[in-house]
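Asks: Got a structure for you, written out below as structure tokens; questions coming shortly.
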Amino acid sequence: MTIRIATIGAEAQPLVILDDFAPDADALRGHAAAADFVPALNHYPGVRAALPPSYLAAQLPLIAAAAAEAFGRTGRVTVIDASFSIVSTPADALTIAQRLPHIDAFTPDRIALVHYLSPEGGDGTAFYRHRATGFETVDEARRDIFFRHLDTELRHRGPPPPGYVCGDTPLFECIRSEPARYNRALLYRSSNLHSGAIGPDAGLSPDPGAGRLTVTAFLSIG
């Protein structure tokens, strides 16, 4: 495994890029092929399935070491949620929230992981700046002002057109887009404004053998 620590935008938030993350990514794909995928909750635009129990047990020490170096978080790593995930919702069926960059959590202990498991790479992850406020992250102190501005903009301008956010929009500027690569994982603060970089020609298959197969995890690190 190789580790690089980059930064995102003017706020210079850390982005950890871990290539060759899992020792046997092909075995993970095999497990996903036999898994029972169901519609996802919490606004995720696709389907999810349970991970093999050994996955995070093996990877948590690597995550903890990378988080200590990049984020200065040296406490215990707690898994809030983790699953196989495939983006599969048709563009014209997305909710308004799914057409916008989002935040996963507001507190500094929360770290997000995405692990790409499509051999051809596929769509990566993009990070954004909210034009009206200049915010690239939204923590508890920024939460109210960000959502007040966004609500006003959506009421005055109307909702974004159906489709995945991809690149710059009238409300958000794309400040970094990290491409997917087979067996690459990213770690970033959950308070970063971000979205899957889902291109307009994405196949959106729910089949783990053909779709944008990832592991997504939400962690708390003390």
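Asks: Within segment 187-199, does at least one residue satisfy the condition of being touching a helix residue (DSSP H, G or I) at 6+ places or on another chain (Cβ under 9 Å) and more than 22 Å from residue 7 (Cβ to Cβ)?
Replies: Yes.
Asks: Under the condition of being of a type in the set (S, T, N, Q) and not in a loop (DSSP other than H, G, I, E, B), which residue from segment 42-93 is farthest from residue 208 (Cα to Cα)? Please lay out each step first, then the result.
Replies: Just the residues of segment 42-93 that are of a type in the set (S, T, N, Q), to begin with: 42, 54, 59, 74, 78, 83, 85, 88-89.
With not in a loop (DSSP other than H, G, I, E, B) added as a condition, the list becomes 54, 59, 78, 83, 85.
On the way: 54: 19, 59: 21, 78: 27, 83: 13, 85: 9 Å.
If we take residues in segment 42-93 being of a type in the set (S, T, N, Q) and not in a loop (DSSP other than H, G, I, E, B), then 78 is farthest from residue 208 (Cα to Cα).
Asks: Yes or no: residue 143 of a type outside the set (Ser, Thr, Tyr), under 25 Å from residue 16 (Cα atoms) and over 16 Å from the mean Cα position of the chain (by Cα)?
Replies: Values: of a type outside the set (Ser, Thr, Tyr): yes; under 25 Å from residue 16 (Cα atoms): yes; over 16 Å from the mean Cα position of the chain (by Cα): yes.
So residue 143 fits the description; yes.
Asks: Exactly one of these conditions fails for residue 126: (1) farther than 11 Å from residue 194 by Cα; (2) in a strand (DSSP E or B). Give me its number.
Replies: (1)
Asks: Among the residues of segment 94-106, how many are out of contact with any Asp or Glu (no Cβ under 7 Å at 6 or more places or on another chain) and in a loop (DSSP other than H, G, I, E, B)?
Replies: 8
Asks: Looking at residue 81, is it loosely packed, with under 15 Cβ neighbours inside 10 Å, within 29 Å of residue 203 (Cα to Cα) and in contact (Cβ under 8 Å) with a residue 12 or more places away in the chain? Lay out the reasoning, then the answer.
Replies: Working: loosely packed, with under 15 Cβ neighbours inside 10 Å: yes; within 29 Å of residue 203 (Cα to Cα): yes; in contact (Cβ under 8 Å) with a residue 12 or more places away in the chain: yes.
Yes, satisfied.
Asks: Got a sec? Which of 86, 8 is touching a Lys or Arg at 6+ places or on another chain (Cβ under 9 Å), among the hydrophobic types (A, V, I, L, M, F, W, C), at pLDDT 95 or above and within 16 Å of residue 186 (Cβ to Cβ)? Walk me through it before giving the result.
Replies: Numbers: 86 fails: within 16 Å of residue 186 (Cβ to Cβ).
It is 8.
Asks: Quickly run through segment 112-142 and pick out the residues that are touching a Gly at 6+ places or on another chain (Cβ under 7 Å), within 23 Å of residue 207 (Cβ to Cβ) and of a type in the set (D, E, K, R).
Replies: Matches in segment 112-142: 123 only.
The values are calculated or read from the model by the stated rules, or taken from the named source; none is laboratory data. Owing to the predicted nature of the structure, the values given are computational and were not obtained by experimental measurement. We place every Cβ from the backbone using ideal geometry, glycine too, and count neighbours over all the protein chains shown.
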